[in-house]
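> First the structure, then my questions, so here it is.
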């Protein structure tokens, strides 16, 4: 069987494929594996109850049930959902948006596939453009979505060492000089994998930089604001007509409904929707149907702020405390957790590197993600890439604690302690 | 805003984008439009009741509800669903398949995007391959999914004129000579848009031809067998290790759940799943959760055979009778309806062509699809392309009859009768 060059690009092993395969295999083959690898969200009882109740109400109403199950969504997504969401974004966040600024996707990964390939890749006259990532580590799933090579460009971040074995990456604005081949600037906020949150001033600087170069600023808000609001610092929800915000229902506890949301100026929404129609025909209705019900009842933001945010804030604090205890005295540091649901552990000079560490942990029943694939666009060699791990603390308290204890033990062995 | 060459390819107007926009606009802006355009399935009360009941049961079970809403599916799709489906395909269709031969997609359109680009497009050494379509007209949604030009190749079909103003396209096996640049052979069965059904002997010939050239035969079973079984002729469900069958839940009445299914030998399933993970991260869980419940209760095939098939068979017969009455005496013919949910109308020598006819019908409140974009891969000019219309008869009886009456009236005016 001979496969195409596309197959080689999209059919080979990749960080995100390994990640999702690990996640799937662990669930189905190793029911006892402590899952600190993939991005499955935690279980928030109040949220689960509410989703089931609202979905039951949709099923009990023949017209709503038919709208959810029996019809194709139009290219930009369900009208009622887009209107309800636009109203909330106007009223609660002060964004100057209407339904025309919103499009739905089958999860944010496929939104990024389209957006990145709209703004970067091959251009007229043999020119090539890239997506500029101001801060790596950055989301593992970006790495392979480019239809051609050189889709991303990134420089090393500045590293700020903080007390208590913490550290924080900082955008090195001095190095950040987009040239004509930058097609867009993109950041995740909070950052997956580090839990870093770019401050309002940093976002303002990136926004100005994007405008000055006539390119959009894309903000991946999968963990961000206004929902799911997995943020532990004071953060303003940023949008303007040069910003593309990508939101998602997944981290509200709904990854199975595959619902991403693009908020952008209308010409971008239109270009996205045309490409998405060819690639996917239409998006799923279940996520928008549920979200519309939550918006109609005024429950979406309340849920995020009153249940999702504190759930992860507490888990972050407990996981940080436990991991800090384990690494005391070792040459390890934890990225200051400001949002999302991960601890990013830097094991300086770890013998054999963090990929081997990940393998050993898997053998011991703890699934984490090695750091090396979280640096899309960084070309220069950097040993730091092979010294980091991403640990999710979204799962059950007790299991996370057990996982952290095994990680600590394995680290001490690794350093020969 | 400067967009990439990808944006030009995937962001321009296209047949399927027009189709889905028409569908969306008509639903939201013209509630009175008679919808004979897009592919929304009909409403089968027994099916709707069953889906709602089974989904309610999933929501009532906390573990099942969490499996549907709260976790990411593994790259090939939910294990339980794939096991249950494989068992049914083995027992009911005699296919030699296990769960390893099955992968899930977010609807069959995105499955075809991946499959076509795996088997055709750019290859090592600057070579290019195409998907060979033995019979056009063929599905409008294929046309633009290629990442490069020349993705499809097709020749004119033979036309058999039948009594009663009917006709039927036939594969012209004499012209069908794949060369080294054919990467796969693909047919939809039943054919969207014509309602043609390739007979078992024709499929056997295509299967032998594909094997002889070492390329797979892809069968798009979105309307076919074993489900939804919108077939009005005796047809065997074909699969072997050189066949890729793509199934879908959409025409069972579930397009809102975006669930496509690939059945293929394992190396193809693996290549598909890797690419799909990069493009989509994971597939939706709602369709697989519902289908698993139907399979566990032994209801999926029974529903297709006892409710879906007769529903469309009756609608086809009534629509055919009504349209035949309208075109009596006009130089029009209807493709013999053997499956799916469309009448394909050939208006020989229609003044101004069928695209203008489609526009006039839209003005009069009837939405149909003009024929010209249903000939992917056909390079030579052929006036026949601009003489055809696709009419869906899936919607309410009375509205379909009213639509057909307007179409008849407009045809008589068009021919100056």
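> Put the label 7 Å from Cα along Cα→Cβ for residue A:5; what are its distances to the other copies, in nanometres, shortest first?
Result, one decimal in nm: 0.9.
> Same structure, new question: Hey, in the GNM for chain A with a 10 angstrom Cα cutoff, which one of A:353, A:377, A:67 fluctuates hardest?
A:67
> Then there is this: Given a Förster radius of 51 Å and the C-beta distance between residue A:356 and residue A:63 as r, what FRET efficiency does 1/(1 + (r/R0)^6) yield to the nearest 0.05?
Efficiency computed from Cβ-Cβ geometry: 0.35.
> Another one. Per residue of B:78-85, count partner chain C-beta atoms within 10 Å of its C-beta, then hand back the mean as an integer.
Per residue, the average neighbour count from other chains is 1.
> Once both labels are modelled 7 Å past Cα along the beta-carbon direction, what's the residue B:328-residue B:267 spacing in nm?
Here the modelled spin labels are 5.9 nm apart.
> Which residue fluctuates most in the GNM of chain A (Cα springs below 10 Å): A:82, A:360, A:333?
Its mean-square fluctuation being the largest, the pick is A:360.
> Continuing with this model, one more query. Stretched out fully, how many nm does the piece from residue A:299 to residue A:56 gain, at 0.36 nm a residue minus the Cα gap?
85.9 nm
> Next up: So if we plug the beta-carbon distance of residue A:5 and residue B:321 into 1/(1 + (r/R0)^6) with R0 = 56 Å, what FRET efficiency do we get, rounded to 0.05?
Working from the Cβ atoms, E equals 0.65.
> Note down the relative contact order for chain A as a percent, whole number, built from C-alpha pairs under 8 angstrom at least six residues apart.
23 percent
> Arrange the peptides A:381-389, B:107-115, B:213-221 so that the one whose residues have, on average, the most other Cβ atoms within 10 Å appears first.
Listed from highest to lowest mean packing, they are B:107-115, B:213-221, A:381-389.
> From Cα pairs below 8 angstrom and at least 6 apart in sequence, can you work out the relative contact order of region A:293-352, rounded to a whole percent?
26 percent
> I need A:297, A:66 ordered by Cβ neighbour count within 10 Å, fewest first.
Listed from fewest to most nearby Cβ atoms, that is A:297, A:66.
> Taking the Cα-to-Cβ direction at residue A:208 and at residue A:412 and moving 7 Å from each Cα, how far apart do the two end points lie in nm?
Output for this residue pair reads 5.0 nm.
> Considering only DSSP beta bridges whose two residues both sit in region A:214-365, what percent are antiparallel, to the nearest 5?
Of the beta bridges lying entirely in region A:214-365, close to 65 percent run antiparallel.
> Let a ≥ b ≥ c be the square roots of the eigenvalues of the Cα gyration tensor of the protein assembly as shown; is it rounded (a/c under 1.5), or, if not, prolate (a/b larger than b/c) or oblate?
It comes out prolate by the Cα gyration axes.
> Between B:334, B:379, B:268, find the one with the highest GNM mean-square fluctuation for chain B; connect C-alpha pairs within less than 10 Å.
Maximum among the listed residues: B:379.
> I've got another one for you. When a footprinting reagent is the concern and you count Cβ atoms within 10 Å, what order do A:151, A:1, B:33 take, fewest first?
A:1, B:33, A:151
> Hey, another quick one. Translational D (Stokes-Einstein, µm²/s) of region B:48-302 at 25 °C and 0.890 mPa s when Rh comes from the Kirkwood sum over C-alpha pairs?
130 µm²/s
> Now for a separate question. State the antiparallel share, in %, of DSSP beta bridges confined to chain B, rounding to the nearest 5.
If I count the DSSP bridges inside chain B, around 60 percent turn out antiparallel.
> Roughly what % of DSSP beta bridges within the protein assembly as shown run antiparallel, to the nearest 5?
Taking every DSSP beta bridge within the protein assembly as shown, about 60 percent pair in antiparallel fashion.
> If you don't mind, there's one more thing I want to ask. Provide the FRET efficiency to the nearest 0.05 for the residue B:405-residue B:348 pair, computing r from the beta carbons and using R0 = 25 Å.
That pair, residue B:405 with residue B:348, gives E of 0.75.
> How would you rank A:35, B:68, going from fewest to most other Cβ atoms within 10 Å of each one's own Cβ?
A:35, B:68
Taken together, the values in this text are just the output of simple stated rules run on the coordinates, not laboratory data. Note that the coordinates shown come from a computational prediction; the quantities given were computed from them, not determined experimentally. Because the Cβ atoms are built from the backbone with ideal geometry, glycine has one as well, and the counts that use them run over all protein chains shown.
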